[in-house]
């Protein structure tokens with residue numbers, strides 16, 4: 001197992017020699033929101049174990065996103081929902097706290113084509129690449145999308161998945177040296193969310209416009225910029241990025 005909160009791979013079993021799968025997860029996404037009672041979540045990603053690599057070797061997690069066999073998240077809000085995909089569509093289950101069981105509440109979710117909302121920390125806009133800042137203006141004035149940003153990836157993602165929209169965390173340059181870097185991690189956040197999106201008809205790309213699911217990580221905690229949501233608006237982002 002690999003966790004966003006742990007520097008290296010974690011051995012979870014006394015004898016895991018026969019384990020067939022590996023899991024990467026973000027145990028508490030949006031943790032800075034706990035004190036103010038805002039929705040938070042858990043994100044998880046499952047791959048098949050590589051047979052010729054030691055089970056505790058971090059190279060187990062150097063697999064492309066399209067090779068995931070399961071991905072999903074749990075959103076802790078006004079209700080607790082589990083959203084996941086095994087590669088056959090995206091399904092939502094809602095917890096009934098009276099009996100402690102999850103019940104199917106939304107089957108084969110499809111993200112709307114329209115971009116109703118955009119979710120981005122606009123406080124960072126001065127650190128964005130010019131093309132990314134321009135794209136946010138495009139969303140506001142040409143698309144007519146409304147800004148909604150919670151600061152919890154799971155919560156922002158879930159709203160956009162259900163209502164239609166795009167989540168952006170572009171690469172930023174906070175040092176002013178012209179080097180733009182991403183913040184969100186491939187293994188724990190981007191790959192599982194991209195898997196869900198594409199199963200729901202959406203699209204996720206990194207800051208250079210490369211599909212997230214095609215990227216093979218070279219570090220356990222590798223980070224990228226990201227734009228993900230309704231397919232048409234993300235494709236427009238890629239087109240504008242390529243022509244910039």
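The values are calculated or read from the model by the stated rules, or taken from the named source; none is laboratory data. The structure presented is a predicted model; accordingly, all values stated were derived computationally and were not measured. In this analysis, Cβ positions are derived from the backbone assuming ideal geometry, glycine residues included, and neighbour counts consider all displayed protein chains.
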**Asked** Among 170, 192, which is touching a residue at least 12 places away in the same chain (Cβ under 8 Å) and over 16 Å from residue 63 (Cβ atoms)?
**Response** 170
**Asked** Only one residue in 188, 169 is modelled with pLDDT of 95 or more and more than 15 Å from residue 121 (Cβ to Cβ), so which one is that?
**Response** 188
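Among 157, 135, 180, which is closer than 24 Å to residue 34 by Cα and in contact (Cβ under 8 Å) with a residue 12 or more places away in the chain? Walk me through it before giving the result.
Values: 135 fails: closer than 24 Å to residue 34 by Cα; 180 fails: closer than 24 Å to residue 34 by Cα.
157 is the lone residue from the list that is closer than 24 Å to residue 34 by Cα and in contact (Cβ under 8 Å) with a residue 12 or more places away in the chain.
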**Residue under evaluation residue 221, criteria (1) more than 11 Å from the chain's Cα centre (by Cα); (2) crowded, with 16+ Cβ neighbours inside 10 Å; (3) in a helix (DSSP H, G or I), criterion not met** = (3)
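Here is a yes/no grid of residues against (1) in a loop (DSSP other than H, G, I, E, B); (2) in contact (Cβ under 8 Å) with a residue 60 or more places away in the chain; (3) exposed (fewer than 13 other Cβ atoms within 10 Å of the Cβ):
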position	(1), (2), (3)
38	yes, yes, no
42	no, yes, no
66	no, yes, no
78	yes, no, yes
95	no, no, no
**Asked** With respect to the numbered conditions (1) under 20 Å from the mean Cα position of the chain (by Cα); (2) more than 12 Å from residue 233 (Cβ to Cβ), which one is the sole condition not fulfilled by residue 134?
**Response** (1)
**Complete:** Residue count, segment 97-113, condition buried (at least 17 other Cβ atoms within 10 Å of the Cβ) and farther than 19 Å from residue 204 by Cα, comes to 0
